[in-house]
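Student: Below you will find the structure I want to go over with you.
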Amino acid sequence: MRECIYLCLIASCLMAVSMSLPFIVLHGLGDNCSNGNVETLRRDLADLSKSQGFCLEIGSGSNDSWLKPLTEQVQIACDKVKQMAELKDGYNIVGQSQGNMVARGLVQECDGGPAVRNYVSLAGPHAGVASVPNCGNKELCKILAWLIRADVYLDFVQDHLAPSGYVKIPNDTSTYLKKSKFLPILNNERPESKNSVYKQRFTSLQNLILIMFENDTVLFPKETSWFGFYPDGGFNPVLPPQQTLLYIEDWIGLKTLDGAGKVKYIRVPGGHLQISRDDLIKYVVPYVTA
């Protein structure tokens, strides 16, 4: 009898492990899957959750994270997840910084792709950023940042520099809505072209975990990690997500998800993406095991 109980317990544990969904990690701007920090995150999450974890690379990684427009990055990611047999029954996503723009594209725009169950966003620029993201002192970064600042809504910049797709200048929202080629579409901001499918797919998430870093100096404002942003026309104050039109009018279903108790707004100490192991275990691991 005792042996039978032990065997049943072992079988139950094995079944639980086999039933856990795999997850993918989508890295941020200027990064790549072979980077030590990204690989450490993937490995730690896989070890702690006992789930299969994959880092999904877009092209050449670091360079393409800058130079491929986000619409193209989303399409590449969509094609890849549809080809991965491991994801056919559904999967979870952990996005890092700009990688959350690709993650949102997978949730909202990937026709025929496997279902996304839980989505954990680490420092995602969901409502846009009011300045070019800081990428360090490398010469390439300086040149590309200068090009973006010169005219962020120029067609050439929009078509060749990924971060331009989510730069949103609060005192020039009319130009942003007209000429930005990524975020106004993703967030259903254009009055004349709302996409009900985006809302339907976004609200199908089981859990949305939005993690903001208290000392984030890369995203302006840092509250964009929660879908918070500046009001149209100025840089003050920062509106919490619940006071933005995106939430109030429920353009993508954030209000619906929140009302169902499926959105977690998490604040952690540290700079951009500097999450502690304890916070990783507390806020991320539970959503890559289900």
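Only the coordinates and a few stated rules stand behind these numbers; no lab work does. Worth saying up front: this structure is predicted, and the values here are computed from it rather than measured. All Cβ positions, even for glycine, are placed from backbone atoms using ideal geometry, and neighbour counts span all protein chains on display.
Student: Return a whole-number percent for the relative contact order of the range 36-136, with Cα pairs under 8 Å and 6 or more residues apart as the contact set.
Tutor: Over the range 36-136, the number comes to 23 percent.
Student: Using amide H atoms built in the peptide plane, which far-off residues or other-chain residues are under 5 Å from residue 168 H to H?
Tutor: 129, 130, 131
Student: Right, next: Compute the long axis of helix 36-49 from its Cα atoms, compare it with the longest principal axis of the Cα atoms of the chain, and write down the angle in degrees, 0 to 90, nearest 10.
Tutor: Roughly 40 degrees between the two axes.
Student: Rg(Cα) of the range 190-284 divided by 2.2 N^0.38 Å? Intermediate values should be presented prior to the final figure.
Tutor: Numbers: Rg = 14.6 Å, N = 95, 2.2 N^0.38 = 12.4 Å.
Compared with the compact-globule rule of thumb, the range 190-284 sits at 1.17.
Student: So if I take the alpha carbon set of the range 24-104, get Rg, then get Rh from the Kirkwood formula, what is the Rg over Rh ratio?
Tutor: With Rh from the inverse mean 1/r over Cα pairs, Rg/Rh is 0.94.
Student: Ok, one more. In the range 158-290, what is the count of Lys pairs whose alpha carbons are under 12 Å apart, counting only pairs at least 8 residues apart or on separate chains? Before the final figure, lay out each step's value.
Tutor: Values: 168/178; 168/179; 168/181; 199/255.
Number of lysine pairs found: 4.
Student: Take every DSSP beta bridge whose two residues both sit in the chain, then give the antiparallel share in percent to the nearest 5.
Tutor: Of all bridge pairs located within the chain, approximately 5 percent are antiparallel.
Student: While we're looking at this one, here's another question. Expressed as a rounded percentage, what relative contact order does the chain have, with Cα pairs under 8 Å and six or more residues apart?
Tutor: Dividing the mean separation by the residue count of the chain yields 20 percent.
Student: If exposed GluC sites (Glu not before Pro) are those in a DSSP loop with at most 13 other Cβ within 10 Å, what is the longest stretch of the chain that has none?
Tutor: 1-191
Student: Can you give the Rg and Dmax of the chain based on its C-alpha atoms, in angstrom?
Tutor: For the chain, the Cα radius of gyration and maximum Cα-Cα distance read 19.2, 75 Å.
Student: As a test of understanding, state the convex hull volume per residue of the range 71-132 from its alpha carbons, in Å³.
Tutor: 81
Student: Now, a different point. How about the range 161-241: which chymotrypsin sites (Phe, Trp or Tyr not before Pro) there are in a DSSP loop, with at most 16 other Cβ atoms within 10 Å of their Cβ?
Tutor: On the way: sites: 166, 176, 182, 198, 202, 213, 226, 227, 229, 235; in loops: 182, 227, 235.
Answer in residue order: 235.
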